[in-house]
Every structure is written in C-alpha cells, then in structure tokens.
Amino acid sequence: MTSPDPYEADVAFDPVEIAAAARLDDDIAAVLAGSARPGSVDPDLVVLANAFRREPSASTYAAVERRVAEARPRDSRWRWSLAQVSAAVLGIVLVVHGVVNMVAGEWISTSLGEPYNQHAMIDGGLAFIAIGAAIAVASTRRRGLPLAVIVGVPLGLVMGGRGVHEIGVFAWGAVAHGSAGLAAIVLLVTYLIAWRYSHRRGREEPV
C-alpha cells in the first residue's frame, strides 16, 4: 500500500501567516530598493540585504547627508557676520566723516588752528563718502569682505594714528579719527578669526 502524496491533498493556509509573508515580501522589496524607513523593518533583514548589496542604498546616502548637515559647524556663520558688521560700521564712520568735512570744514579748520581750504575739504569729503560707501556695500556679501579689509583697514588705521595728535586740541576730531581706527582694528581681528577658522575646518574635513 502506497502512502498518499502530501502534495495532492488540499492544505489550508493560515490567513495570518499569509499576511505576514506578504508583509515580509514588501519589507524585503523596500530594503532592496533602498526605500525602507529606518526603524520600520527588522534590523536583521537590513543586515542580510546589505550583505548582498554592492553599493549603499539611497536611504543610506540620505541618512549620511542628513547627519553631515547636522554636524556641520554653524558658528562659522556668526563669525563671518561679525566681520561683515564691523566692515559696515567702518564704512558708515567714513561716510559720516566725509559728510562732516563737507558741511563743517571751516569749523574743523578753525578748531585745529589751520587755514580753511574749501576745495580740499569738499574733495576730501567726497573721497571719504565714496570709500565708505564702497566698504559698506562690500560688507553685505561675504565675498566682498576682502575688498573691505584691503581698502578700509589701512585707511582706518592711518586715520586713527592722525587722531592721536588731536587729543587735547580738538576733542571731536580725536573721537572721529579714533572711531575709524577702532572700527578698522575690529574689522581686521574679526576677519582674521573667521578666515582662520574656516580654513582650519577645511583642512580637518577634506571632501
């Protein structure tokens, strides 16, 4: 007597097992396609799928990019912002200095005990306004900061040095020249700090 063939008999499958198998198939397809969300599938399934995958999945690239973006230093932004604000302040100081020279040139000359030259005062005032405006405009963009530093720092330092001899002679002149010198020093320091930090981060994080 032959034993009955088990494949000839109708076998009733459990609907729960069928649903679980279908979900497993969907999870496998999602993992292999790289569209599975982290934590939504069995970690062992991810490990097995990665063992047969030659290249990282799209979800892996996305996760890495997200982590890199989160770890990217954000304090470099405010460092550059400080340099931009310093450049803007120096530009405004120079513009105000030029306007005062044009409007109150005779009063300045009298206070310093120097002969008044209207032509020189007006031309000098226009030059200060133009340079200050250029520095202020350059401060609005980070790539314009080198121009602001190259033009504004030497001029501000020279003005600050010239204001030393006005101390005790013409207080307003000493304040005006000193503010330009101080703004130039602050601009130079903040720019060098931001530049050094950004270059150091670039060496530490090669692409």
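The values are calculated or read from the model by the stated rules, or taken from the named source; none is laboratory data. As the structure is a computational prediction, the values presented were derived from the model and not from experiment. Positions of Cβ are backbone-derived with ideal geometry, glycine not excepted, and every protein chain shown enters the neighbour counts.
Selection of first residues in segment 155-175 that are more than 14 Å from His97 (Cα to Cα) and touching a residue at least 40 places away in the same chain (Cβ under 8 Å) and of second residues that are of a type outside the set (D, E, K, R) and part of a helix (DSSP H, G or I), restricted to Cβ pairs under 6 Å at least 6 apart or on distinct chains, gives the following pairs, ordered by first then second residue: Glu166/Gly173; Glu166/Ala174; Phe170/Ser111; Phe170/Leu112. For His199, which of the numbered conditions (1) modelled with pLDDT of 85 or more; (2) closer than 25 Å to Ser139 by Cβ fails to hold? Looking at each condition in turn, His199 falls short on (1).
Within segment 99-108, one or more residues are under 18 Å from Ala180 (Cβ atoms) and touching a Phe, Trp or Tyr at 6+ places or on another chain (Cβ under 7 Å).
Table: residues versus (1) surrounded by 15 or more Cβ atoms within 10 Å (Cβ to Cβ); (2) over 20 Å from Gly163 (Cα atoms); (3) among the charged types (D, E, K, R).
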residue	(1), (2), (3)
Ser81	no, yes, no
Ala88	yes, yes, no
Val103	no, no, no
Trp107	no, no, no
Met121	yes, no, no
Ile129	yes, no, no
Gly144	yes, yes, no
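Pairs meeting the criteria (first residue in segment 138-151 and in the same structural domain as Ala184 (by TED's automatic domain parsing), second residue surrounded by 19 or more Cβ atoms within 10 Å (Cβ to Cβ) and in a loop (DSSP other than H, G, I, E, B), beta carbons under 8 Å, at least 6 apart or on different chains) are Leu145/Ser139; Ala148/Ser139.
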